[in-house]
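Contents: one structure, followed by commentary.
The values are calculated or read from the model by the stated rules, or taken from the named source; none is laboratory data. These numbers come from a predicted model, not from an experiment. So basically every Cβ, Gly included, is an ideal-geometry build from the backbone, and we count neighbours across all protein chains shown. Just the protein is used for accessible areas: all its heavy atoms, side chains included, with ligands, DNA and RNA removed. Shrake-Rupley method; radii C 1.70, N 1.55, O 1.52, S 1.80 Å.
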Amino acid sequence: MPAGLTFTGTAPRLRLYGRAGCHLCDDLRAVLEDLARDYAFVVDEIDIAGDAALEAIHGWRIPVLTTASGEELCHYFADLARIRAYLDGTDRR
């Protein structure tokens, strides 16, 4: 996964778990780039390849988008309603 995908702004902070060569990861990243036009947020991309603990957790179930606290917002495909609700502050737990 490319390093340095960061959107300007303050909280909220999201984590995108994936690996290089994952086309679904690329697709979810593109959705996040589109959302950055309407929302201020930061994405920390985390490459699970080579990290035994993260590979045990996520395996091939990637991409996974979580909040900074680890709450899963979606996996495989973007759940736009859930992501927008979180970014709007209506789905913050």
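Some notes on this structure:
- Of residues in segment 71-93 being more than 13 Å from residue 28 (Cα to Cα) and of a type in the set (Asp, Glu), the one surrounded by the most Cβ atoms within 10 Å (Cβ to Cβ): 91
- Counting the residues of segment 35-70 that are loosely packed, with under 12 Cβ neighbours inside 10 Å and over 15 Å from residue 20 (Cβ atoms) gives 9.
- Test result for residue 25, in contact with a strand residue (DSSP E or B) (Cβ under 6 Å, 6 or more places away or on another chain), assigned to a helix (DSSP H, G or I), modelled with pLDDT of 95 or more and open to solvent by less than 40 Å² (accessible area, probe 1.4 Å): yes
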